[in-house]
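Worksheet: one structure, shown below.
Bear in mind these aren't lab numbers, they're just calculated from the coordinates by the rules spelled out. What you are looking at is a predicted structure, and each value in this text was computed from that prediction instead of being measured. Note: ideal-geometry Cβ built from the backbone for every residue, glycine included; neighbour counts use all protein chains shown.
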Amino acid sequence: MKNWLLLAFAIIFFSSCGSISEISENKKSLSYLALGDSYTIGERVAEEKRWPIQLAEALREDGFSIQSPKIIAKTGWRTDELLSAMNKELSNEKYDLVSVLIGVNNQYQGKSIETYQEELERILEEAITHSKFGKEGVFVLSIPDYGVTPFGLKSDKQNISKEVAEFNKVCKATCRDFGIPFYNITDISLEAETDSTLVADDGLHPSGEMYKRWVTKILPQVKALIKN
C-alpha cells in the first residue's frame, strides 16, 4: 500500500513540476505587438509568410522564446485608422517588442505629410505606452517603394518614389526625435524592379520572399534590442 502511495505521490509531484516548468517558460516567453497596414498583415501572402511571423520564427531559431505576434493591421489603413484600431483593440497590455510600419496609404491617398507626422507621433507615443521597456522596446520599419512594382510602373513611378522618400524622411526624423530605432527596408523593396519573385500575385504587394529579406536584414538589430 505504501509503495502505491509513494508512486502516486511521485506521479503527482513530477506532473506538477512539469506544469510549473511550462508556466515558468511561458512567463519568459517574449510578447510582440506588430502595428501597421497591408505590409504588416501580409496582403496576398500566406499567414506564415507575413514578416512579423517570419521575424518571430527567426528569433526562435536563434534561441529566443517568443509568442505568436499580436497583429493590428489592415490593408488600406492610414495612420488615423491604425490609431483608431489601437484605441479599440488595446487596453493595458504591454509587450516586449512593438513594431510600427505605417504611412503608404497616407501617401497613396494624397494625405498631407504634416498630418502623417502628427499622427505618427501619436502612434509612437501609444507604442511606447504599450512597451514593457518604453522606447527601448519599439522599432519602426521604413515604407517600401511600391513605385518599382508592376502596379507602380503603370502609374507614376517617379512621383511615387519621390513621395515615399519624403514620407520616409519624416518618419526617420520622427523616430530620431523619439529615440526609437528606424530600420530601412526600402532599399530591399527596390529590388522588385528586376526580380518578379519579390512581388505578390497582385503586382503590388511584397511576396513572402521579400518579407524574408526584410527579416534577414533587421534580425541582428532586433536581437540587440531584445538583449538591451
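Check LEU204 against each of (1) farther than 22 Å from ALA224 by Cβ; (2) part of a helix (DSSP H, G or I) and name the one condition it does not meet.
So LEU204 meets the others, but not (2).
Select, from GLY76, GLY103, the only residue that is surrounded by fewer than 16 Cβ atoms within 10 Å (Cβ to Cβ), touching a residue at least 24 places away in the same chain (Cβ under 8 Å) and on the phi > 0 side of the Ramachandran plot.
GLY76
Residues are listed down the side, and each one gets a yes or a no for (1) touching an Asp or Glu at 6+ places or on another chain (Cβ under 7 Å); (2) in a helix (DSSP H, G or I); (3) hydrophobic (A, V, I, L, M, F, W, C):
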{"site": "PRO144", "(1), (2), (3)": "no, no, no"}
{"site": "GLY147", "(1), (2), (3)": "no, yes, no"}
{"site": "SER161", "(1), (2), (3)": "yes, yes, no"}
{"site": "VAL164", "(1), (2), (3)": "yes, yes, yes"}
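Quick check: is even one residue across region 83-92 touching a His at 6+ places or on another chain (Cβ under 9 Å), aliphatic (A, V, I, L, M), assigned to a helix (DSSP H, G or I) and surrounded by fewer than 20 Cβ atoms within 10 Å (Cβ to Cβ)? Working first, answer last.
To start, the set of residues in region 83-92 that are touching a His at 6+ places or on another chain (Cβ under 9 Å) comprises 86, 90, 92.
From the residues that got through so far, the ones that are aliphatic (A, V, I, L, M) too are 86, 90.
Then keep just the ones that are assigned to a helix (DSSP H, G or I); that gives 86.
Now restrict to residues that are surrounded by fewer than 20 Cβ atoms within 10 Å (Cβ to Cβ): 86.
Yes, the conditions are met somewhere in region 83-92.
Mind checking which residues of region 25-63 are of a type in the set (S, T, N, Q), touching a residue at least 40 places away in the same chain (Cβ under 8 Å) and in a helix (DSSP H, G or I)? Quick ask: steps written out before the conclusion?
Here is the first cut: in region 25-63, the ones of a type in the set (S, T, N, Q) are 26, 29, 31, 38, 40, 54.
With touching a residue at least 40 places away in the same chain (Cβ under 8 Å) added as a condition, the list becomes 31, 38, 40, 54.
Residues satisfying the conditions are SER38, THR40, GLN54.
Got a number for residues in region 112-132 being among the hydrophobic types (A, V, I, L, M, F, W, C) and either free of Cβ contacts under 8 Å to residues at least 60 places away in the same chain or surrounded by fewer than 14 Cβ atoms within 10 Å (Cβ to Cβ) (or both)? Spell out the reasoning first.
Looking only at region 112-132, we keep the residues that are among the hydrophobic types (A, V, I, L, M, F, W, C), and these are 113, 120, 123-124, 127-128.
Right, trim to either free of Cβ contacts under 8 Å to residues at least 60 places away in the same chain or surrounded by fewer than 14 Cβ atoms within 10 Å (Cβ to Cβ) (or both) and you get 113, 120, 124, 128.
Summing the residues that are among the hydrophobic types (A, V, I, L, M, F, W, C) and either free of Cβ contacts under 8 Å to residues at least 60 places away in the same chain or surrounded by fewer than 14 Cβ atoms within 10 Å (Cβ to Cβ) (or both) in region 112-132 gives 4.
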